[in-house]
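Before any comments, here is the structure.
Quick note: the coordinates plus some simple rules give every number you see, no bench work behind them. None of the values given here were measured: they were computed from a predicted structure. All Cβ positions, glycine included, derive from the backbone under ideal geometry; neighbour counts span all protein chains shown.
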């Protein structure tokens with residue numbers, strides 16, 4: 001999608017209404033008259049190919065709203081004639097880079113099962129500005145591809161293989177815990193995945209200098225969620241290949257961290273399971289053990305994500321993480337509260353969480369801070385176990401899920417939880433229906449500020 005040199009690159013002008021007036025005032029009279037005659041309106045998603053004197057392509061006018069940056073060019077890769085293009089707006093460097101990211105994501109198509117005709121539409125970007133740009137675009141594409149892949153072709157073993165390749169590409173240590181060791185050491189992960197013909201596992205990746213600050217990423221890897229014995233209805237199950245979206249996100253964030261050399265000792269933990277139904281499926285009212293030693297009463301087998309995360313968060317704490325970020329497609333309640341595009345962010349450090357929220361809006365990758373309201377712990381305290389995975393109230397479902405996870409992270413750890421959707425319900429420029437990366441660029445911007453990159 002990007003090239004550093006092109007002598008034949010066609011200029012792209014991204015224009016709102018005022019910008020079009022300014023462009024017309026600067027253009028030669030004949031070309032300005034021609035554009036006016038077309039009736040072109042500089043609206044979001046519209047564009048106009050302007051011919052030169054020989055019938056070739058002189059430039060492209062692309063409409064936008066006045067505050068559009070990230071998605072200002074996202075519609076163009078699928079529409080422009082093949083060739084190279086140059087974008088030179090009067091914007092800040094950060095704004096230009098966001099528009100380039102949107103352009104890169106605008107060329108995305110998931111082509112594993114349906115052939116997509118190749119198109120060569122490239123944007124000229126100076127070599128010095130390409131490194132981070134390419135990594136951020138590639139990480140989002142990596143997440144989208146994983147989330148879009150059906151569970152038939154992406155079970156726990158295949159997810160582990162993808163993580164292993166990522167580790168190999170960046171010189172990271174890698175291991176998979178499964179079988180008897182998983183059952184004995186990580187019983188909550190085992191019990192959720194035991195009903196599937198594809199065995200559960202816990203994926204672990206480690207990268208960075210041992211004396212660097214220890215940062216842990218934990219991602220929910222439920223490769224398909226039938227709901228278990230509390231089986232979902234058909235319309236609730238149809239998108240459940242995306243229930244490993246949290247795993248895809250932490251692997252995508254790890255890809256950014258390793259490729260751009262964040263100064264951390266990184267550990268990634270992915271509990272990979274299928275929430276299936278068979279004779280040995282775990283049941284409502286079962287009380288299960290966790291690695292932490294806390295007992296959990298199963299109020300609903302469809303609230304499995306927090307159960308598998310509990311053991312992974314416990315291990316991350318045991319291994320000395322000073323900061324833990326977990327990401328999970330955890331609750332429908334988060335979507336009811338904030339919709340598909342705005343994941344809630346929970347944190348013990350409210351001031352830091354609000355700073356992340358502000359930064360996320362600056363980079364157009366929004367997150368919204370919600371409180372860890374401790375009085376609601378009473379909702380997840382059953383009579384005969386330490387915790388309930390479903391609770392006694394239908395209210396505050398995303399918040400009580402976060403409170404459940406809070407019990408498995410040691411008190412001194414700086415912990416952040418993102419309840420993501422990982423999906424676009426419909427097609428928009430740069431955001432086709434299907435898997436989506438949410439919060440990656442926001443978290444990267446924050447982590448880079450916190451630790452510094454190589």
Task: Principal-axis tilt of helix 305-318 within the chain, Cα atoms, nearest 10 degrees - done: 80 degrees
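What is the chain's relative contact order, in percent, from Cα pairs under 8 angstrom and six or more apart in sequence? Before the final figure, lay out the partial values.
Values: 980 pairs, mean separation 70.1, N = 454.
The value is 15 percent.
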Task: residue 132-residue 29 FRET efficiency (beta carbon distance; Förster radius 60 Å; 0.05 resolution) - done: 0.90
Task: Residue-averaged [θ]222 nm for the chain, counting only DSSP H segments that reach four residues, each worth -39500 (n - 2.57) - done: -10500 deg cm²/dmol
Open item on the list: Using only the alpha-carbon atoms, how far is helix 397-406 inclined from the longest principal axis of the chain? Give it as 0 to 90 degrees, nearest 10.
Closed with: 60 degrees
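Which order do 395, 186 fall in if you start with the one that has the fewest other Cβ atoms within 10 Å? Don't jump to the answer; show the numbers that get you there.
Numbers: 395 11, 186 24.
Ordered by Cβ neighbours within 10 Å, fewest first: 395, 186.
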Open item on the list: Starting from the 7 Å offset along Cα-to-Cβ, what nm value, one decimal, do you get for the label separation of residue 287 and residue 322?
Closed with: 4.0 nm
Open item on the list: Given R₀ = 30 Å, what would the calculated FRET efficiency be for residue 109 paired with residue 235, taking r from the Cβ atoms and rounding to 0.05?
Closed with: 0.70
Task: With Cα atoms, 0 to 90° folded angle of helix 17-26 axis to the chain main axis - done: 30 degrees
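Kindly state, to the nearest 0.05, the FRET efficiency for residue 116 paired with residue 9, given R0 = 35 Å and r defined as their beta-carbon distance. Spell out each step's value before the answer.
Working: r = 24 Å, r/R0 = 0.69.
For residue 116 and residue 9, the calculated efficiency is 0.90.
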Task: the range 140-451: antiparallel DSSP beta bridges as a percent of all, rounded to 5 - done: 45 percent
Open item on the list: Modelling each spin label as a point 7 Å along the Cα-to-Cβ direction, I'd like the residue 22/residue 78 distance in nm, to one decimal.
Closed with: 2.9 nm
Task: Spin-label zone in the range 230-266 - amide nitrogen under 13 Å from a point set 7 Å from the Cα of residue 173 along the C-beta vector - done: 265-266
